[in-house]
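The values are calculated or read from the model by the stated rules, or taken from the named source; none is laboratory data. Predicted, not measured: the structure shown is a model, and the values here were computed from it. Counting neighbours? That spans all protein chains shown, and the Cβs are built from the backbone with ideal geometry, glycine included. Calculation scope for accessible area: heavy atoms of the full protein, side chains included, ligands and nucleic acids excluded. Shrake-Rupley method; radii C 1.70, N 1.55, O 1.52, S 1.80 Å.
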Amino acid sequence: MGLICAVVFQPNGRLYYADPGSLTAQVGDHVLYPTDDGPELAQVMWAAQWVSEDIGGLPVLVAMAGRDDVQAAETSRKKRAAARVAARRLIREHDLPMKVVGVDHVVAKNHTTLYFTAPRRVDFRALVRDLAATLKGRVQLRQLSARDEARLTGGIGSCGRELCCSTFLVDFEPVSVRMAKDQDLPLNPLRISGACGRLMCCLKYEHPLYEEFAAKAPAVGCAVDTPDGAGEVVGHDVPGDKVVVRMAADGRKHACALASVCASRKAYEARDEVVHDG
């Protein structure tokens, strides 16, 4: 059990969670949040509250922000805007196939980092030199993948909620077409792809449930006994933990709880042979 609060670095931006430490920051207050480049200005969106879960490892807020910190953040905002405009202009002049998707600026180091996407590797050495001369500071360019771009820019997924990658996902885990097949989803790229154009990360969330169900459920076409009589499995309802059975007596379909369905001994023996042979 411990205290936790949430902050944002920009309006309507991604929430970052922190341990408030000894601070008593309220919603709307500005605080200093620890980052790899030093403390950065952030605004409290959730005031500190007690939670029952173990929250060890959260960054601890450095201090309440002062007037100088707010002014430095405003300077950084103006530098980022200028860097974005200059980068777009110079990219056109150098005729490079790049798109700027994000800019960071550290005032203390006068260091600007520009994030971009491109269909292939780009030789941007000349661009970096021109940007450094224009912005009068150190400049670094980083190429992002399609998934990283979606995480940075954010958006709304097909489920109607904010993208997982821009809210709570920390690392991207491998997602395969096999996961979509196991969940009986249509293999239409428009249906199973996310905003980044890659397979949706959420395909992985329920996949273990489908694997567990497939391991213990009678296969489609298997003869089974149910409380309502004998029948044949014609479908699965994994979220409901049920199997759809066509009754032998009248041909009607029943959705039966998996626990109440018993497959024939022959079907179990055949499945065991497949498992042992594999």
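Could you tell me whether the range 212-220 includes any residue that is modelled with pLDDT under 85, open to solvent by 30 Å² or more (accessible area, probe 1.4 Å) and in contact with a strand residue (DSSP E or B) (Cβ under 7 Å, 6 or more places away or on another chain)? No, the conditions are met nowhere in the range 212-220.
Figure legend. Inter-residue proximity from the range 65-90: first residues farther than 15 Å from Pro11 by Cα and in contact (Cβ under 8 Å) with a residue 40 or more places away in the chain, second residues in a helix (DSSP H, G or I) and open to solvent by 50 Å² or more (accessible area, probe 1.4 Å), beta-carbon distance below 8 Å, spacing 6+ or different chains. Indicated pairs: Ala86/Thr134; Leu90/Asp130; Leu90/Thr134.
Which one of Leu141, Leu135, Leu152 is open to solvent by 60 Å² or more (accessible area, probe 1.4 Å), of a type outside the set (Lys, Arg) and under 29 Å from Glu74 (Cβ atoms)?
Leu152
Going through (1) in contact (Cβ under 8 Å) with a residue 40 or more places away in the chain; (2) part of a helix (DSSP H, G or I) one by one, Glu212 falls short only on (1). Each residue in the range 221-241 was checked for being open to solvent by less than 80 Å² (accessible area, probe 1.4 Å), assigned to a strand (DSSP E or B) and farther than 18 Å from Lys181 by Cα, and 7 pass.
Provide a single number: the residues in the range 28-58 that are more than 13 Å from Phe9 (Cβ to Cβ) and either within 26 Å of the chain's Cα centre (by Cα) or in contact (Cβ under 8 Å) with a residue 24 or more places away in the chain (or both). Before you say what the answer is, go through the steps one by one.
First pass over the range 28-58, keeping only residues more than 13 Å from Phe9 (Cβ to Cβ): 28-29, 36, 38, 46-58.
Retained after the next criterion (residues that are either within 26 Å of the chain's Cα centre (by Cα) or in contact (Cβ under 8 Å) with a residue 24 or more places away in the chain (or both)): 29, 36, 38, 46-58.
Of the residues in the range 28-58, 16 are more than 13 Å from Phe9 (Cβ to Cβ) and either within 26 Å of the chain's Cα centre (by Cα) or in contact (Cβ under 8 Å) with a residue 24 or more places away in the chain (or both).
Counting only strands (runs of 3 or more DSSP E) wholly contained in the range 7-80, the ones carrying 2 or more residues that are surrounded by fewer than 12 Cβ atoms within 10 Å (Cβ to Cβ) occupy 40-51. For the range 98-156, the set of residues classified as among the basic types (Lys, Arg), part of a strand (DSSP E or B) and over 23 Å from Thr35 (Cα atoms) consists of Lys99 only.
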